[in-house]
1. State whether the residues of the range 12-20 include one that is part of a helix (DSSP H, G or I) and within 18 Å of Val84 (Cα to Cα).
2. Tell me, please, whether a residue that is surrounded by fewer than 18 Cβ atoms within 10 Å (Cβ to Cβ), within 12 Å of the chain's Cα centre (by Cα) and assigned to a helix (DSSP H, G or I) can be found in the range 117-128.
3. Quick check on the range 76-102: of everything there that is of a type outside the set (Gly, Ala, Ser) and touching a Gly at 6+ places or on another chain (Cβ under 9 Å), which residue is farthest from Met1 (Cα to Cα)?
4. Out of curiosity, is Glu128 of a type in the set (D, E, K, R), at pLDDT below 95 and over 25 Å from Asp25 (Cβ atoms)?
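The values are calculated or read from the model by the stated rules, or taken from the named source; none is laboratory data. What you see is a predicted model; the values in this text were computed from it and never measured. Note that we place each Cβ from the backbone using ideal geometry, even for glycine, and neighbour counts take in every protein chain shown.
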Amino acid sequence: MQVKEILAVKGRDVATISQGRSLNDAVQLLRERGIGALVVSGPAGPLVGILSERDVVRALAVSGPDALALTVADVMSTTVTTCVEATTIDSLMALMTDKRIRHVPVVENGVVLGMVSIGDVVKWRVDELEHEKRDLIDYVSAR
């Protein structure tokens with residue numbers, strides 16, 4: 001199984017925000033969309049960073065409510081781990097576990113094609129296990 005199969009089910013919509021916007025704007029967008037991370041765009045390209053809820057919490061821990069006036073660029077993570085559509089789901093699970101990250105943009109040839117969250121991976125795996133369970137029950141029942 002590959003990442004492209006997750007994207008085929010969940011869609012390819014990616015929430016983005018400009019690096020010059022305020023952290024308050026980013027928090028509002030995260031809330032409105034019900035998501036945990038935003039791809040950050042800027043003059044250097046469509047993926048200059050990623051802003052996650054974890055980044056927001058860290059900024060609030062350091063600066064308190066004043067953090068909301070900071071720009072996204074002040075708070076975002078600039079080292080972004082990405083994958084491609086052909087990445088296996090097992091490889092993606094290992095990558096997310098090893099790096100302790102919850103969101104991975106899917107990028108090919110400099111174009112952001114989608115975003116996969118740990119929730120997407122868990123849902124995929126649970127659905128896969130349910131399918132295997134049904135197959136096994138059908139197999140055993142047919143004897």
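1. Quick first cut of the range 12-20, residues part of a helix (DSSP H, G or I) only: none.
Taking every residue of the range 12-20 in turn, none turns out to be part of a helix (DSSP H, G or I) and within 18 Å of Val84 (Cα to Cα).
2. Taking every residue of the range 117-128 in turn, at least one turns out to be surrounded by fewer than 18 Cβ atoms within 10 Å (Cβ to Cβ), within 12 Å of the chain's Cα centre (by Cα) and assigned to a helix (DSSP H, G or I).
3. Within the range 76-102, the match that is farthest from Met1 (Cα to Cα) is Met76.
4. Working: of a type in the set (D, E, K, R): yes; at pLDDT below 95: yes; over 25 Å from Asp25 (Cβ atoms): yes.
Yes, satisfied.
Okay, residues lined up against (1) touching a residue at least 60 places away in the same chain (Cβ under 8 Å); (2) not small (Gly, Ala, Ser):
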{"site": "Ile17", "(1), (2)": "no, yes"}
{"site": "Gly42", "(1), (2)": "no, no"}
{"site": "Arg54", "(1), (2)": "no, yes"}
{"site": "Ala67", "(1), (2)": "no, no"}
{"site": "Ser77", "(1), (2)": "no, no"}
{"site": "Thr81", "(1), (2)": "no, yes"}
{"site": "Thr87", "(1), (2)": "yes, yes"}
{"site": "Ala94", "(1), (2)": "no, no"}
